[in-house]
Structures are given as C-alpha cells and as structure tokens.
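What follows is a single structure, written as structure tokens, with notes after it.
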Amino acid sequence: MNFVGEHILSVAQLNRADVEEIFSVADIMTPFAHRERVTRVLDGAILCNLFFEASTRTRLSFGTAFNLLGGSVIETTDMASTSLVKGESLQDFARVVSGYSDVIVMRHPIDGAVAEFAESSRSPVLNGGDGSNEHPTQALLDLYTIKKELRARKKDLDDLRIAVIGDLKYGRAVHSLIKLLKLFRNITVHLVAPPDLGAPENVIADLLKAGHEVQHFEQLAHGIQTVDVLYVTRIQEERFSSSAEAHKCKGLFRINQAVFSQYCEPDTVIMHPLPRDSRDAAQELSVDLDSHPNFAVFRQSDNGLIVRMALFALILDVENKVEDHSAPVGWFSDAKKWD
Ligand code: CP
C-alpha cells in the first residue's frame, strides 16, 4: 500500500510487505525515540488527538511520537467538552477538525465510529481504538515487539506459536492482533478464554481460511503450554452490561511466577497490551513476573512510540527525510535506560 495520506482504520488494509515496511521505518526511528538524535522533519505539522475513552499509552505515545518528529499536538479528551454534545454530527466534526490539523488520531467507544468520522475527514485518520472492534496500531506494535523478542531467540514471526488469554470477546487489541497474524506462515494460536468471552467468529475466520492452527482452551494450564508468546489481556469491564457481570469473569486466569514456571517453556515471552488490572479481584498478570527477563510488557509499551513515529512518517511522506532534518541531542544522553 502507498501510505501517503491514507487512513489507518483496520489491520485488514495491510499486507505482509506493508507490515515489514512499517517495521523497517520503525527501526530508523529508534535513535530519535530514544533521544539519541533529534529531528524537526514535521516542523509546522499538527496532530489532533481526539480521545473519547480513557487512555494512557495510545494518546500519550501518539502525541510524543509527533512531538519527537518536530510536530505540534492539539487534543481533546472528553466528548462532553466538544460540540458533539450539542448535536453536531461526526461528519461536521470531521470536516472542521481536519481543517485544523494534518493528521488525526481518534479513539471512540462505538464500533465503526472512527471509520465513519474518517469518511468526512480531509486529513488522514488513525484508529486509536473503536469500541470492541479494532486497535490496529496496538497490533502493529505488538507484532513489532514479538519480532524483536523472537529475533533474540533466533526465531521469527513465521512458525509463531502464541497463546492469547483473557477477554477475547471485547478486547479490540487482541482482535487486531489475531487478524494480523494471518499474514505470516504456519501460525498456531491458542485462544484461552472463559466460556462467554471467546473470540468472535469473524475475528478468527481469516486465520482459519489461511490454514493456520487455532485451538480453543478454557483451562489456563492447558492453553499456555508449548507456545513462544503469552499475550495476556484484562477483562474489559467497560464493555459489560454491569460491573457485576464483569466481576464474574475476573480472576479466572492469573499468570504469575509459579504458573509460568510450572507450565510454560523457559523462553516464552510474556506480553500484555496494558493496562493490566492490578485490583485484587483481577490480577491477570502478576507483578511478581515484572523482573523476569522474558517479561516484555514495558518494552512493548516503549515500542509503541517507535511504531507510531513510523506510521506518521509514512503517512506524511517524510520517512526518507528524517535524517536531513536531524541533529545529535545536546541536552540529554544516558539518563534513561532503554531495554
Ligand atoms: N494499550 C492501550 O490501548 O492502552 P491505553 O488504553 O492506555 O491507551
């Protein structure tokens, strides 16, 4: 695909070559993300962040990525502070906001709302998560992380064996990741979910059609054996009809040091898109694994910056100009440690 000026709404838009192109531009972005060099390649450009659901990583990493490329960020984090609450349509909203910005990231609680907004936008729109539908940039950073972690183990994305664990019904990050995996060869996916929270048929259909192996598990101990990657997700309480319903599903699957040592292969990579639910009732991924060398969760969130910088560079057609507008940093060198 030619990324220039394109919306990124779903992983279904991408083929394998597109994903590999994003990853190679991400590699170029790494010294800039790590503040070893600075670039002003997007000087004068404006990102508009529209986040109508809570977010830590997606909003802040998109904003930071744009700033690190030399651009400026405007944003709103609350629908109630926009004129959408006065009856303004998404179409009018898109026409107006796209006049104020060169690229837009939107998170919206309703499935398909970001795509609807994009239809009327004059600037490219990136889907920062729409309802329980998709979270395409999360899946790209997840896959980039898996590739890097596996490279250190002399493995690749082809032949990947992955267990995805937790709320596979409502988890948009896991939907995008599962759909993206179909692009690789000989993938094995273990779907480990409580009975009512399995992955929707449409999410796994293409994976099955492409001949990959998909196995369903309701027992954590069975599902997490013989895989290269554990991808743990939280119960998406905000999508349930009530907090009480969500609570019935919490705490059913808990990965901790003891479970990992008993059932997983020693070099299995541990991932989570975050946020993890650290409240007593949940704890799907225990902090007692945080210092384990296979715990890639914060490398994963750091990679969000790199991959989102790559997407901006490709969409705004500056991926080959980043070095021309760059310089060594003068203010900061070794203060922060990157894994
Ligand atoms: N992974 C993710 O989407 O995190 P936030 O909800 O904090 O953006």
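Observations on the structure shown:
A quick yes/no check of all residues on (1) part of a loop (DSSP other than H, G, I, E, B); (2) buried (at least 20 other Cβ atoms within 10 Å of the Cβ):
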residue	(1), (2)
162	no, yes
169	yes, yes
176	no, yes
179	no, yes
184	yes, no
190	no, yes
196	no, no
199	yes, yes
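- Residues that are within 16 Å of the ligand (Cβ to nearest atom) and either touching a helix residue (DSSP H, G or I) at 6+ places or on another chain (Cβ under 9 Å) or free of Cβ contacts under 8 Å to residues at least 60 places away in the same chain (or both) number at least 2 in the following strands (runs of 3 or more DSSP E) confined to the range 10-99: 46-51, 72-76.
- For the range 11-51, a tally of residues being under 24 Å from residue 93 (Cβ atoms) and touching a Lys or Arg at 6+ places or on another chain (Cβ under 8 Å) returns 3.
- For residue 281: the one exception among (1) touching a residue at least 40 places away in the same chain (Cβ under 8 Å); (2) in contact with a Lys or Arg (Cβ under 8 Å, 6 or more places away or on another chain); (3) more than 16 Å from the ligand (Cβ to nearest atom): (1)
- Taking the criterion of being buried (at least 24 other Cβ atoms within 10 Å of the Cβ) and part of a helix (DSSP H, G or I), the residues of the range 284-304 that qualify are 300, 303, 304.
- Condition check for residue 15: open to solvent by 20 Å² or more (accessible area, probe 1.4 Å) and at pLDDT 95 or above: yes
- Residue match in the range 51-66 (condition: farther than 23 Å from residue 300 by Cβ, polar (S, T, N, Q) and either surrounded by fewer than 22 Cβ atoms within 10 Å (Cβ to Cβ) or touching a strand residue (DSSP E or B) at 6+ places or on another chain (Cβ under 7 Å) (or both)): no
For (1) polar (S, T, N, Q); (2) within 16 Å of the ligand (Cβ to nearest atom), each residue gets a yes or a no:
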{"site": "134", "(1), (2)": "no, yes"}
{"site": "142", "(1), (2)": "no, yes"}
{"site": "145", "(1), (2)": "yes, yes"}
{"site": "149", "(1), (2)": "no, no"}
{"site": "154", "(1), (2)": "no, no"}
{"site": "172", "(1), (2)": "no, yes"}
{"site": "180", "(1), (2)": "no, yes"}
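- Taking the range 223-253 as the range and being among the aromatic types (Phe, Trp, Tyr) and crowded, with 19+ Cβ neighbours inside 10 Å as the test, the residues that pass are 231, 253.
The values are calculated or read from the model by the stated rules, or taken from the named source; none is laboratory data. Model, not experiment: these values are computed from the prediction. Glycine gets a Cβ as well: all are built from the backbone with ideal geometry, and neighbour counts include every protein chain shown. In case anyone asks, the SASA skips ligands and DNA or RNA and just uses the protein heavy atoms, side chains included. Shrake-Rupley method; radii C 1.70, N 1.55, O 1.52, S 1.80 Å.
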